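Only the coordinates and a few stated rules stand behind these numbers; no lab work does. Because the structure is a prediction, the values reported are computed rather than measured. FYI the Cβ positions are ideal-geometry reconstructions off the backbone, even for glycines, and counts take in every protein chain you see.
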Amino acid sequence: MTDVLVIGGGNAALCAALMARESGASVMLLEASPRAWRGGNSQHTRNLRCMHDAPQDVLMDAYTEEEFWQDLLKVTGGMTDEPLARLVIRASSTCRDWMRRHGVHFQPPLSGALHVARTNAFFMGGGKALVNAYYRSAERLGVQIRYDVPVDAIELEDDRFVAARVGGERIAARSCVLAAGGFESNREWLREAWGQVNGEWVADNFLIRGTRFNTGRVLKFMMDAGADMIGDPSQSHCVAIDARAPLYDGGICTRIDCVSLGIVVNRNSQRFYDEGEDFWPKRYAVWGRLIAQQPGQIGYSIIDSKAIGRFMPPVFPGTKASTIAELARATGLDETAFVSTVAAYNAACRVGTFDHAVLDDCHTEGLSPPKTHWAQPIDRPPFFAYALRPGITFTYLGLKVNKEAAVHFGGRPSPNLFVAGEMMAGNILGKGYTAGVGMSIGTAFGRIAGTEAAKAARAAASATAKVTANAEAQR
Amino acid sequence: MENPPMQSLETLIQEASALATHEAEVSRVLQICNACRYCEGFCAVFPAMTHRLEFGQADIHFLANLCHNCGACLYSCQYAPPHEFAVNVPQAMARVRLDTYTRYAWPNALGALYQRNGLTLALATAICIAILLSLARLLNGPIWSAPPGGHFYAVFPHGTLAGMFGIAFVYATIALTVGVSRFWRNGAPGPASAAALKEAAHDAISMRYLGGGHGEGCNNADDAFTLWRRRFHHLTFYGFMLCFAGTCVATIYHYALHAEAPYSVTSLPVLLGTVGGVGLAAGCIGLGVLHVRRNPAQGDSAQRPMDLGFIALLLLTSLTGLTLLGWRSSQGMPLLLALHLGVVMALFLTMPYSKFAHGVYRCAALLKWSIERRQPNPLQLGDD
């Protein structure tokens, strides 16, 4: 019998498989997707948020445990578990040598990402390169890897894992790590979680930035089996992305970074939020939710040619027009309403010294909602519009864990069933997000879960041996 | 009956639209890459991309020749097939590279030799060997009867050889220079500082970008890295250069020192040629094996005849040279000599119309980047 069964094939699953194998366990990993799509959402990631007390290779200055913790506290609004969060933070300071040993390469921050140069270590080539490296290492170490194996049920004996079921196949193991991701690509579940707003099923208009294979089947099964849950199913990493992005796997390139340089209107040509509230890297994760609350779950980011060359190039060209009225027609907005919204905004702009690198003094007066920074009239043609939709990266509903990453039933930890990655990130991320923390959680808890699963498998094996020996002795 | 001028016009239009299609694909792909940028650490292509928001023809030609086809970006790409964006940078770049060799070739008409390049090299080799054999027969009589002393110049007078190969070499040099100058002028980056020249030279001769950005090498069959492609390139390049150095030293011996060939096995020209020839052969065999094992998605598999043809021609150059050295005192010497010289002549004459050109264009692209890199980035994009 296999010692450790790992269900999932992304970063957390691979970390668990590698650690369990390094502890001497025999390991089988089941990835639901075909090989070409392996790695779940990890293939779209790009960095790891790391604590460090002094400069470390690609990381500048210091990013202390306390500062990391404060950042997490702020983005989650306190919806976090301090001991578990601190565990992740400390683990993030020591895991990179291990990652390198398994073939992961780090590099200085990408151009356009200098705001996280101090806090985040970038994977050379991004998350898919990391996933490839881990799979190569796992193969070399003798982890048995199977693709196209979506687990649909778990066989439990009280709180003990016995086997996983895939169609008619039963795969037994001494212990198990669940790391099969959230439910962001399960349209039905998203619909149910977000419900109706003004008579609209809002989630029907969501795009999924990540993998199409995170259907939440294992998560749902565990929920129904009575595992202790944590988090709100409507909470997720949700950003505003280009409305033309593919339904799944749009990843990083579908983001639209010109919101703070212009205005954003809804389907009725009305502004609805302060576009210049704070630096874009600190605000991009707010806009997904904001757009989700607008009619038709759509927004339009409007800029003029002064903004060109000041933001990261979008993947698709914007709708271009030489007048505001023409832009309204080209984007399908009501011309009169749109022209009057832009005119009101332009008239309200109090332009001081424009500087996109600081919270400058360009703002609006007497406008509701106001634009508090970088407010310049939209007056230099050509004008551009980018339609925006909410883009879900991953969901936060998960299984409750302790420091050993154990799945809990009725407040008691399972002796041999563990969980890592998105399936438990909600313990630490009740809401909100900060760049790279998903990978910090996945790596820390993946490694813990793998180690604990190997330990549990050893205990199970020796218990079986004892029973067998006793039976022999009695005979 | 078909009208020949119309037909060639159609062919021209087809070729032009193929060129435009390849360039449009690079532009499409780079638009996606520029919004992602995960691959910035692998090579120079992606940092150079970030200096641009749009990709015109000059940018595309430059970036295509800056690409070493290391493959790292293909295996790391979240948008590679089967993703609907179908991003394959090495393949798109490889197709444009071939178009640039064709377009910039001098004289223009001979750029067409890139279209059936395997055939071009095979015919050139066969014809050159035939000419050299006929010449040997003409000048020396029976091909299977060596003049005493392994004396090459008894078969072909020194002046004849020097004249023939001198002309071929000068022609190839001029043609390549004109071609690469045309490439340079399309989007010239400004003057080269000493630092830029030094950096480009270093990156070229060390083949830095076959290191994968992390030093573990490039990809070949799959997502695993290998340094063998760089090593075999080094063997091939330095082997070729040693052979060339051997010839140069021999020329100095001949004219300056009045010491005429044949030279002893321990003489400098023969030592250089032998070591170089062995290196060249080993490098070519290695590159050939890697090429056959390469993932067909990494690069343009339609270019296999060009790639393998050139590798074969280099390998033949080395093997015929080493054979000649081994059997230069035998009766077969005139035959072996004519074979070797025929192959070398074919190599020289096809240099401006074979894969050889990739090294020249690559060096120019590296220098362009070393210059451009030192200029301020025209874009001041905010953080994402």
- Using packing as a proxy for protection, rank A:75-87, A:123-135 so that the peptide with the highest average count of other Cβ atoms within 10 Å comes first. A:123-135, A:75-87
- Message: Once each part is reduced to its C-alpha centroid, what is the distance from region B:281-296 to region A:118-147 in angstrom?
- Response: 27
- Message: Going 7 Å from the Cα of residue B:53 along its beta-carbon direction, which residues of region A:301-326 have the amide nitrogen within less than 17 Å of the resulting point?
- Response: A:301-323
- Non-local amide H neighbours of residue A:6 (under 5 Å, H modeled in plane, Pro and chain starts lacking H): which ones? A:28, A:29, A:30, A:177
- Computed over region A:237-391: relative contact order in percent, which uses C-alpha pairs under 8 Å that are six or more apart: 34
- Query: Suppose every K and R has +1 on its Cβ and every D and E has -1 on its Cβ; what is the size of the dipole of region B:176-249 about the Cα centre, in Debye to the nearest 20?
  - Reply: 300
- Query: What order do you get for A:27, A:116, A:149 when you list them from fewest to most C-beta neighbours inside 10 Å?
  - Reply: A:149, A:116, A:27
- Task: With a Förster radius of 22 Å, plug the Cβ-Cβ distance of residue A:35 and residue B:84 into 1/(1 + (r/R0)^6) and report the FRET value to the nearest 0.05.
- Result: 0.75
- Once amide hydrogens are built 1.01 Å from N within the peptide plane, the residues lying 5 or more places from residue A:298 or on another chain with amide H under 5 Å from its amide H are A:267
- Query: Between residue A:172 and residues 5 or more places away or on another chain, which pairs have amide H atoms under 5 Å apart, with H built 1.01 Å from N, and which residues are they?
  - Reply: A:164
- Item | Per-selection metrics, region A:237-391 (Cα): Rg and Dmax in Å | 14.1, 42
- Item | Taking A:336, B:50, A:395 and counting other C-beta atoms within 10 Å, the order from fewest to most | A:336, B:50, A:395
- Message: Multiplying the sequence separation of residue B:278 and residue B:260 by 0.36 nm and subtracting their Cα-Cα distance, what value in nm do you get?
- Response: 4.1 nm
- Query: With each pseudo-label sitting 7 Å past Cα toward Cβ, what's the residue A:147-residue B:329 distance in nm, one decimal?
  - Reply: 6.0
- Neighbours of residue B:208 by Cβ distance under 10 Å: Lys/Arg at +1, Asp/Glu at -1, summed charge -1
- Note on the structure: Rounded to whole angstrom, the alpha-carbon centroid of region B:143-187 lies from that of region B:29-75 at a distance of 38
- Task: For region B:96-112, take each phi angle, set θ = phi - 60°, evaluate the Karplus expression 6.51 cos²θ - 1.76 cosθ + 1.60, and give the result in whole Hz per residue in order, putting x for glycine and proline.
- Result: 5, 4, 4, 4, 5, 4, 5, 5, 8, 4, 10, x, 3, 4, 6, x, 4
- Query: Considering only DSSP beta bridges whose two residues both sit in the protein assembly as shown, what percent are antiparallel, to the nearest 5?
  - Reply: 75
- Task: Give the shape of the protein assembly as shown as rounded, prolate or oblate, defined through the alpha-carbon gyration tensor: a ≥ b ≥ c are the square roots of its eigenvalues, a/c under 1.5 means rounded, and otherwise the shape is prolate if a/b is larger than b/c and oblate if not.
- Result: oblate
- Item | Environment charge of residue A:460, counting only residues whose C-beta is closer than 13 Å and scoring Lys/Arg +1, Asp/Glu -1 | +2
- Going by how many other Cβ atoms sit within 10 Å of their own, how do A:448, A:298, B:252 line up, fewest first? B:252, A:298, A:448
- P(r), alpha carbons of region B:311-359 - 10 Å bins starting at zero, rounded %: 28, 46, 20, 6
- Item | Zone of residue A:465's modelled label, taken as backbone nitrogen in region A:15-40 under 15 Å from a point 7 Å along Cα→Cβ | A:24-26
- Which listed residue (A:205, A:34, B:186) has the Cα farthest towards the positive end of the charge dipole for the protein assembly as shown, taking +1 on Lys and Arg C-beta and -1 on Asp and Glu C-beta about the Cα centre? B:186
- Item | Gain in span if fully extended, residue A:458 to residue A:70, counting 0.36 nm per residue against the direct Cα distance | 135.8 nm
- Note on the structure: Quick calc, residue A:282 & residue A:361: beta-carbon distance into FRET formula, R0 25 Å, rounding 0.05, result 0.85
- Could you work out how far apart the two model spin labels at residue B:130 and residue B:201 are, taking each label as a point 7 Å from the Cα in the direction of the beta carbon, and quote it in nm? 4.4
- Query: Efficiency by 1/(1 + (r/R0)^6): what FRET value for residue A:57 and residue B:185, r their Cβ-Cβ distance, R0 = 51 Å, to the nearest 0.05?
  - Reply: 0.75
- Message: What distance in nm separates the two pseudo spin-label positions at residue A:118 and residue B:17, each 7 Å out from Cα along the beta-carbon direction?
- Response: 5.7
- Message: Only four residue types carry charge here, +1 at the Cβ of Lys and Arg and -1 at the Cβ of Asp and Glu. Report the dipole size of region A:237-391 about the Cα centre in Debye, rounded to the nearest 20.
- Response: 320
- Which value in deg cm²/dmol, rounded to the nearest 500, describes the helix-derived mean residue ellipticity at 222 nm for chain A, given -39,500 (n - 2.57) per DSSP H run of n ≥ 4 and division by the residue count? -9500 deg cm²/dmol
- Message: What value in Å³ per residue do you get for the convex hull of the alpha-carbon atoms in chain B?
- Response: 167
